[in-house]
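Single-structure report; data block below.
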Amino acid sequence: MKRKYLNIISKLAIVAAVVSITSCKEEGGMAPEYMPDMYRSPAVEPYVDYGELRGNYSDSKYTDKMTARQPVEGTIPRGFVPYGYENTPEGYELAGQNLSNPIAYSESVVSDGEELYGMMCVHCHGKTGQGDGTLVERDKFPPIPTKFGPTLDLPEGKMFHTITYGKGLMGAHASQLNKEERWKLVHFIRAKFMEKVPGLDTNAVAPVELEEVAEVAPEEEVQEH
């Protein structure tokens, strides 16, 4: 008798399992998602037309979102100071003539620049700035013609311009390094490899004030939004 009841319970358990599996399927044979937010992230990205992503091309509920609207042409974010020199040979020369490092020189600034150099530059420019980094040694890039040394005549404005836009095989680093970090890097390279340590400049500003220093070419006007 006990065995009979056990057989009945086993059969009922199998039936319940089959029913639970098949009953959860939606039309088309797909099972519903459990906790879909973990699979389909609700995160909102800027400048993405979510109507297009969801296939609702004409549904204003999705397409008329702030995240899908581009900024008004010719405007910049409030408080942002644009870099006013174009990525051209002329812009490169103008940057060399007009730009100087707005960050006051200090040992702490050079230390920050050294850390940035180790993260962003050493693999190509090498530990001593002679263009013999690991990527060059492994023939990933040809030898770098620019070798940082005391005899190199390279204005700091040109250095900043190159870090911002890139030059030759070197890519732009403006997306990886903000203005303050780029200028700190310039200080380190010039002090460490080029032996050009600036004197005390009373017109230089502290890093925290850097965003207030305009780097816009003369007579260039922009609008705020």
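Taking the Cα centre of the range 101-188 as origin, sum charge times position over the Cβ atoms of Lys and Arg (+1) and Asp and Glu (-1), and report the length of that vector in debye to the nearest 20. Kindly include the intermediate steps, with their values, before the conclusion.
Details: 9 positive and 11 negative charges, 63 e Å.
For this selection, approximately 300 debye.
With all protein chains present, how much of the accessible area of the range 96-200 (probe radius 1.4 Å) comes from carbon and sulfur, to the nearest whole percent?
Carbon and sulfur atoms account for 52 percent of the accessible area of the range 96-200.
I'd like to know which of Pro82, Ala104, Val72 lies farthest towards the positive end of the charge dipole of the range 68-114, counting +1 on Cβ of Lys and Arg and -1 on Cβ of Asp and Glu.
Val72
How do Ser111, Ser106 stack up against each other in accessible area, from largest to smallest, with a 1.4 angstrom probe? Intermediate results must be reported in sequence, preceding the final value.
Details: Ser111 65, Ser106 40 Å².
Largest accessible area first, the list is Ser111, Ser106.
Quick one: how many Å² of His123 are accessible to a 1.4 Å probe, rounded to 10?
Rounded to the nearest 10, that gives 60 Å².
The values are calculated or read from the model by the stated rules, or taken from the named source; none is laboratory data. All figures in this text were calculated on a predicted structure; none of them were measured in a lab. So basically every Cβ, Gly included, is an ideal-geometry build from the backbone, and we count neighbours across all protein chains shown. When the accessible area is computed, the model is the full protein with side chains, heavy atoms only, and any ligands, DNA or RNA have been set aside. Shrake-Rupley method; radii C 1.70, N 1.55, O 1.52, S 1.80 Å.
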